[in-house]
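Report on the structure given below.
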Amino acid sequence: MMKPYNFTEMYSVINENGHNELELQSIHERLDEIRAYLEKEIAFKQATIQDQAEQLHQLKTSSEEKVSRILSLENQLQECKQTNEGTRQLINKLLQDISTYQKDIEWYKRTFEKRSLLGTIRQKLFRK
């Protein structure tokens with residue numbers, strides 16, 4: 001980068017010259033230096049802005065991909081929750097069926113295995 005401009009130095013150069021043409025030439029040279037400096041600064045800042053715009057675009061794209069992935073995972077999670085709820089209900093129904101079957105088995109054991117033959121015949125006769 002160029003050195004900062006010292007305007008008092010520039011004015012002293014103009015005052016020492018004494019000739020109008022030399023003064024104008026010195027002013028034009030300084031203005032050309034300032035213009036070149038400003039053009040370099042503008043080019044540098046434009047390149048920086050372009051780089052930041054590209055980074056911003058990349059970050060937006062990355063963010064959109066992440067949001068999309070999060071939505072996909074949330075949908076999968078919801079499906080898993082529904083599947084788990086259905087499975088839980090099925091397991092509860094099967095456990096209830098097992099309990100009912102165990103009660104039926106106990107009734108058959110009490111009725112036909114533990115009861116005497118005479119008691120079983122008497123129960124069948126009185127039912128009719």
How about segment 75-128: which of its residues are within 30 Å of the chain's Cα centre (by Cα) and open to solvent by 100 Å² or more (accessible area, probe 1.4 Å)?
GLU79, LYS81, GLN82, ASN84
Given (1) at pLDDT 95 or above; (2) open to solvent by less than 90 Å² (accessible area, probe 1.4 Å), LYS66 misses just (2)
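The values are calculated or read from the model by the stated rules, or taken from the named source; none is laboratory data. Bear in mind that the values here come from a model prediction, so they are computed numbers and not experimental data. We work out accessible area using only protein heavy atoms, side chains counted, and drop any ligands, DNA or RNA first. Shrake-Rupley method; radii C 1.70, N 1.55, O 1.52, S 1.80 Å.
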